[in-house]
Amino acid sequence: MSDLILHHYPTSPFAEKVRLILGFKGLAWKSVFIPMIMPKPDVIALTGGHRRTPLLQIGADIYCDTALIAQVLEDAAPLPSLYPKPISAVSRVVAQWADSQIFASAMAYNFQAAGVAQVFAGAAPEVIKAFVDDRAAMRGGAKRMAVAEATSAYQNQLQCLSEMLGTKPFLLGDAPSIADFSAYHPLWFTAERTPVMAGILQATPGLLVWMARMKGFGHGSSTRMSSEEALQCAKQATPLAVDEEEFHDTHGIALGSEVTVTADHFGLEPSLGILIAATATRLTLKRVDPRAGTVHVHFPRNGFILKKANA
Ligand SMILES: N[C@@H](CCC(=O)N[C@@H](CS)C(=O)NCC(=O)O)C(=O)O
């Protein structure tokens, strides 16, 4: 198999979820640092528009969104499993709840004034303003949760996680599952990136022990790669053949159509390409880029909107 190339930056919680999964599975990977805010020309060269962090690249195949990236890593290295039986379905449901609900309230809570000051210690005011403006644009006008609501929601979610954990080593049993990785990353940001806000974690001491256990998986072994090298790597590779047989049509859009795929919230830049596969769980676009060559860009169905181009 070609190298696993993770496009990410150190402070991204969703990237931390994937780094830890790479550690859990004992994988070696290439680490490409990408900008935290737009412009991201090298990312866009790979995705055709989608700008969220992280991305997984394997040769000329680009995987967007950590729900899909986790599944791709599971397929590449099935053991230890992220979806152990018999909790496979429930682990996905808890993961989805954590990635959406806990992430939203935790980040609104973490990014109060004291948290922002800690994350951006020593940064020029223009840098902070550029970040705040970038994230506001990503929300497409939607308001961030107010601090008071975020605090109570996060407290309730921490209590819920703590109850779910009970006296077990991991949230759903003796072995970890995707639920643990999705629940961990927002708490990681609180504890490690905004420690000034981390008092909220003290009410659930069992979770602190679990967090230390999760951190122990580490990040696998990584070596740095430049984004230029990653683009070269895509250009020299041929994308994997896709499964055209399993065409799951819920939109009345034929394979071969020019389409856009856009996140349903947060980061609304569409990726444009030719729809070459649409299974029950994934959409795949083919696109040709002057710098990346011919690439296949894969998205999970969940959380993304498929439309005919110019519709
Ligand atoms: N559902 C997405 C969420 C990814 C996400 O929101 N990532 C944040 C960073 S943790 C992001 O993209 N921030 C803006 C950016 O990096 O440009 C996933 O699972 O990958």
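The values are calculated or read from the model by the stated rules, or taken from the named source; none is laboratory data. All of these numbers come straight from a predicted model, not from anything done at the bench. A quick note on method: Cβ atoms are made from the backbone with ideal geometry, for glycine too, and the neighbour counts reach across all protein chains shown.
Would you list the helices (runs of 4 or more DSSP H) that sit entirely within the stretch 116-206 and hold 1 or more residues that are more than 25 Å from PHE266 (Cβ to Cβ)? Steps first, please.
Numbers: elements: 125-138, 147-165, 178-188.
In the stretch 116-206, the matching helices (runs of 4 or more DSSP H) lie at 147-165.
Determine which member of the set GLY48, GLY59, GLY140 is closer than 22 Å to HIS219 by Cα and either assigned by TED's automatic domain parsing to the domain that holds ALA278 or within 15 Å of the ligand (Cβ to nearest atom) (or both). First the steps, then the outcome.
Numbers: GLY48 fails: closer than 22 Å to HIS219 by Cα; GLY140 fails: closer than 22 Å to HIS219 by Cα.
Selected residue: GLY59, the only one of GLY48, GLY59, GLY140 that is closer than 22 Å to HIS219 by Cα and either assigned by TED's automatic domain parsing to the domain that holds ALA278 or within 15 Å of the ligand (Cβ to nearest atom) (or both).
In the stretch 1-26, what residues are surrounded by fewer than 17 Cβ atoms within 10 Å (Cβ to Cβ) and more than 16 Å from the ligand (Cβ to nearest atom)?
Within the stretch 1-26, MET1, SER2, ASP3, GLY26 qualify.
From ARG193, ARG144, grab the single residue that is crowded, with 16+ Cβ neighbours inside 10 Å, of a type in the set (D, E, K, R) and in contact with a helix residue (DSSP H, G or I) (Cβ under 8 Å, 6 or more places away or on another chain). Don't jump to the end; show me each part of the working.
Details: ARG144 fails: crowded, with 16+ Cβ neighbours inside 10 Å.
The unique qualifying residue is ARG193.
So, in the stretch 44-70, of the ones that are out of contact with any strand residue (DSSP E or B) (no Cβ under 7 Å at 6 or more places or on another chain) and under 21 Å from GLY140 (Cβ atoms), which residue ends up surrounded by the fewest Cβ atoms within 10 Å (Cβ to Cβ)?
Keep residues of the stretch 44-70 that are out of contact with any strand residue (DSSP E or B) (no Cβ under 7 Å at 6 or more places or on another chain), which gives 44, 51, 59, 66, 70.
Right, trim to under 21 Å from GLY140 (Cβ atoms) and you get 44, 51, 66.
Values: ILE44: 18, ARG51: 22, THR66: 29.
The selected residue is ILE44.
Can you list the strands (runs of 3 or more DSSP E) found entirely within the stretch 242-311 that contain at least 1 residues being of a type outside the set (A, V, I, L, M, F, W, C) and farther than 26 Å from GLY140 by Cβ?
Here the list reads 282-289, 293-300.
Is it true that GLU74 is surrounded by fewer than 20 Cβ atoms within 10 Å (Cβ to Cβ) and charged (D, E, K, R)? If you could, list the steps in order and put the result at the bottom.
Working: surrounded by fewer than 20 Cβ atoms within 10 Å (Cβ to Cβ): yes; charged (D, E, K, R): yes.
Here the answer is yes, as GLU74 does meet what is asked.
Restricting attention to the stretch 69-100, which residues are within 16 Å of the ligand (Cβ to nearest atom) and among the charged types (D, E, K, R)?
Once the filter is applied, which keeps residues that are within 16 Å of the ligand (Cβ to nearest atom) and among the charged types (D, E, K, R), the stretch 69-100 yields GLU74, ARG92, ASP99.
Quick one: would you say PHE103 is among the aromatic types (Phe, Trp, Tyr) and either at pLDDT below 95 or farther than 30 Å from HIS296 by Cβ (or both)?
Details: among the aromatic types (Phe, Trp, Tyr): yes; either at pLDDT below 95 or farther than 30 Å from HIS296 by Cβ (or both): no.
Criteria not met by PHE103.
Give me the residue from the stretch 27-43 that is without any contact (Cβ under 8 Å) to a residue 12 or more places away in the chain and within 12 Å of the ligand (Cβ to nearest atom) and, out of that set, surrounded by the most Cβ atoms within 10 Å (Cβ to Cβ). First the steps, then the outcome.
Of all residues in the stretch 27-43, those without any contact (Cβ under 8 Å) to a residue 12 or more places away in the chain come to 39-41.
Now drop any that are not within 12 Å of the ligand (Cβ to nearest atom), which leaves 39-40.
Working: PRO39: 10, LYS40: 20.
Once the filter is applied, the top-ranked residue is LYS40.
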